[in-house]
Every structure is written in C-alpha cells, then in structure tokens.
Amino acid sequence: MAYNNIIVETQGAVGLIRLNRPKALNALCQELTEEMTVALDAFEANDDIGAIVITGSDKAFAAGADIKEMQSKTYMDVYKNDFITATWERVARCRKPVIAAVAGYALGGGCELAMMCDFILAADNAQFGQPEIKLGTIPGAGGTQRLTRFVGKSKAMEMCLTGRMMDAEEAERSGLVSRIVPLDDLEDEALKVAAKIADLSRPVVMMCKESVNKAYETTLKEGIMFERRVFHSTFATEDQKEGMAAFAEKRSAAFKHQ
Ligand code: CAA
C-alpha cells in the first residue's frame with residue numbers, strides 16, 4: 001500500500017513507522033491514523049517482524065491530533081464515529097512490542113500516542129505536553145489516564161490543567177520515558193533495542209508484555225496470579241528449553257519463536 005503520511009520500512013526483524021507530515025509537525029489527521037493502523041496490522045501479521053518502532057522527525061514526534069480537521073466537528077460527529085479511540089487505540093492493542101522514539105514535540109495526541117507504546121526513548125530535545133485545555137477541550141486519546149499512571153497525579157494534573165510542557169530531563173525523572181538519547185543517536189538506538197528484543201523468543205516476549213500491562217489493569221494480587229500462570233506457561237515453549245540449555249552450555253540461545 002502507498003502511504004501519504006507515514007513511511008514504513010523494515011530493518012531485519014524490526015518494523016519502522018515514521019510519521020511523515022512535516023508541514024503540520026506530524027499532526028495526527030484521520031488519514032495518518034488509518035495508515036498507521038494498516039501498517040501495524042501488516043507488521044503484526046508478519047512472522048518475520050519481532051518488534052516495532054514508531055518515530056517522527058527531529059522537530060516533532062507529533063504535535064497532536066489535527067486541530068484544523070477537528071475544529072468544525074460536532075458532538076454528533078465525534079460521538080457517532082467514536083472519534084480518536086477507534087483508530088488510535090490500535091497501537092495500544094499491538095501484541096508485539098512497540099517502542100516510541102520521540103524527538104521534538106510530543107503534544108496532545110502525540111504524547112498520548114507515545115504513551116500507548118510499550119516504552120518511550122526520548123531524544124534530548126523531546127518535549128511532552130497535553131495542551132488540549134488551551135484549545136477548550138481535554139485529552140481524548142488516554143492522556144488524562146495514562147499520563148497520571150506514568151507520572152502521578154500532581155504532575156499529570158498540573159500538565160493537563162495548564163498545558164505546560166515537560167522536557168526530556170523532567171520526563172525521565174518522572175518515569176514517562178525510559179531513557180534519554182542524544183538526538184543524532186535516537187533512531188539507531190531505538191532500532192538497536194528493538195532488534196535485541198526481536199532476537200528473543202517472540203511468544204515469550206508477548207507473554208512478558210501482557211504480564212507487565214496487567215499491572216495497570218488489575219489489583220496486585222490478581223496481577224501476580226496472572227504473572228504466575230504466564231510464567232508457568234513459558235515452560236510449555238521450546239524457547240524456554242533452548243534459552244536455559246544455552247545458559248547451562250555457555251552458548252548463545254537460538255530461539256525458534258515457538
Ligand atoms: N494540528 C494541525 N496543524 C498543526 C498542529 C496540530 N496539532 N500543530 C502544528 N500544526 C501546523 C501549524 O498550524 C503550522 O501550519 P501552517 O504552516 O500551515 O501555519 C505548522 O504545523 C507549523 O506549526 P507552527 O508554525 O505552530 O510551529 P511552531 O514551531 O511555531 O510551534 C508548536 C510548534 C508549539 C508545536 C505549535 O505548532 C502548537 O502549539 N501546535 C499545537 C499543539 C496542540 O495543541 N496539540 C494538541 C492538539 S488536540 C489533541 O491532540 C486532542 C487529543 O487529545 C487527541
């Protein structure tokens with residue numbers, strides 16, 4: 001499929017989606033989010049892909065939902081079409097690991113998109129924010145919920161109520177991003193980490209992702225029980241036998257992803 005707003009590449013076992021609407025700082029218009037959904041479906045269906053990276057440009061990961069596209073929508077338009085959640089949540093539903101490599105602005109829907117990924121690597125020029133309040137609306141793709149879980153109530157409340165941006169240092173300190181990388185190294189580093197993950201047992205990686213995500217969705221007791229069951233089920237995989245044999249035999253594991 002030919003894309004108008006994203007560039008899709010594969011590098012070995014890693015799928016790369018580059019948001020590419022430079023004139024609008026990668027604002028997430030309807031067409032872009034639909035294209036992202038198609039690209040993610042294709043990567044999920046491709047057995048040769050073990051991890052996915054979503055990135056933008058040096059100036060902007062994404063400056064939010066497309067304000068010009070949204071401005072004249074009525075309540076009935078957005079309600080009937082389940083505006084935002086319908087296409088965007090595809091990222092959060094991905095079973096394969098997804099890394100957000102964020103440089104420049106990640107605002108509004110851009111910040112929300114990054115938070116739907118499994119973890120965020122930030123360039124040193126990254127800026128995160130939920131400025132919707134300044135537009136007379138509120139975050140609509142999970143920002144009030146996910147940001148609060150990442151950085152806690154006080155900081156999330158301040159950011160959502162004032163629209164203030166957070167730089168990369170503050171984002172790392174607050175737990176929003178896993179690491180800061182110099183801007184010039186961001187893409188290489190994200191691809192390197194993704195390749196490392198893609199080299200591991202793919203079914204076990206998916207089980208691990210599911211288990212960490214449970215921590216956000218249930219009580220500690222239920223989450224620990226879920227983790228125990230999944231941990232037990234890894235013993236039904238060939239990859240667990242291979243991984244542990246390789247350790248005992250002092251060699252690298254050759255996972256078959258089954
Ligand atoms: N939607 C549509 N167009 C956007 C956009 C957006 N979210 N963000 C930037 N653009 C466009 C600008 O209109 C401008 O286009 P023109 O050249 O045609 O005028 C172009 O991108 C470049 O932007 P600026 O000239 O504003 O660039 P700047 O460097 O001066 O400022 C910025 C950068 C601070 C990011 C500023 O563009 C900005 O504040 N953008 C809007 C951020 C925002 O409010 N995001 C939240 C959107 S609502 C949302 O996301 C809802 C939700 O929860 C899903």
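Computed from the coordinates by the stated procedures, all read-outs in this text should not be read as laboratory data. In this text, all values refer to a predicted model and were calculated from it rather than measured experimentally. All Cβ positions, even for glycine, are placed from backbone atoms using ideal geometry, and neighbour counts span all protein chains on display.
For Asp58, Asp48, the sequence from fewest to most other C-beta atoms within 10 Å is Asp48, Asp58. Averaging the Cα positions of each part gives two centres, and for the stretch 73-124 and the stretch 178-222 these lie 17 Å apart. Summing charges over neighbours of Lys68, with a neighbour being any other residue whose Cβ is under 14 Å away from its Cβ, gives 0 when K and R count +1 and D and E count -1. Taking the longest Cα principal axis of the chain as reference, the axis of helix 30-45 is set at about 0 degrees. Going by the alpha-carbon gyration tensor, a ≥ b ≥ c the square roots of its eigenvalues, is the stretch 1-84 rounded (a/c under 1.5) or, if a/c is not under 1.5, prolate (a/b greater than b/c) versus oblate? It is oblate, given that a/c is not under 1.5 and a/b is not larger than b/c.
Compared with the dominant Cα axis of the chain, that is its longest principal axis, helix 220-234 is turned about 50°. For the stretch 202-208, backbone phi angles converted through the Karplus equation (6.51, -1.76, 1.60; θ = phi - 60°) give residue-by-residue couplings of 5, x, 5, 4, 5, 5, 5 Hz, Gly and Pro being listed as x. In straight-distance terms, cross-link reach from Lys221 covers every one of the aspartates and glutamates whose alpha-carbon lies under 17 Å from its own, apart from those fewer than eight places away in the same chain; here that gives Glu210.
Would you list, by chain and number, the lysines whose Cα falls below 18 Å from the Cα of Lys196, excluding same-chain residues fewer than 8 positions away? Filter leaves Lys96, Lys209, Lys256.
Among 143-156, 224-237, 116-129, the peptide with the highest mean count of other Cβ atoms within 10 Å heads the list, and the full ranking is 116-129, 143-156, 224-237. By the count of neighbouring beta-carbon atoms within 10 Å, fewest first, Asp239, Asp185 end up ordered Asp185, Asp239. Taking the charge dipole of the chain about its Cα centre, with +1 at Lys and Arg Cβ atoms and -1 at Asp and Glu Cβ atoms, the residue from Met157, Leu16, Ala39 reaching farthest to the positive side is Met157.
Within the same chain, aspartates and glutamates fewer than 8 places from Lys134 are excluded, and of the rest, those with a Cα less than 20 Å from its Cα are Asp66, Glu69, Glu112, Glu158, Asp167.
Answer rounded, prolate or oblate for the stretch 83-188, using the Cα gyration tensor with square roots of eigenvalues a ≥ b ≥ c: rounded when a/c is under 1.5, else prolate when a/b is larger than b/c, else oblate.
Numbers: a/c = 1.70, a/b = 1.15, b/c = 1.48.
It comes out oblate by the Cα gyration axes.
Each of Tyr75, Tyr105, Tyr216 has some number of other Cβ atoms within 10 Å of its Cβ, and from fewest to most they run Tyr75, Tyr216, Tyr105.
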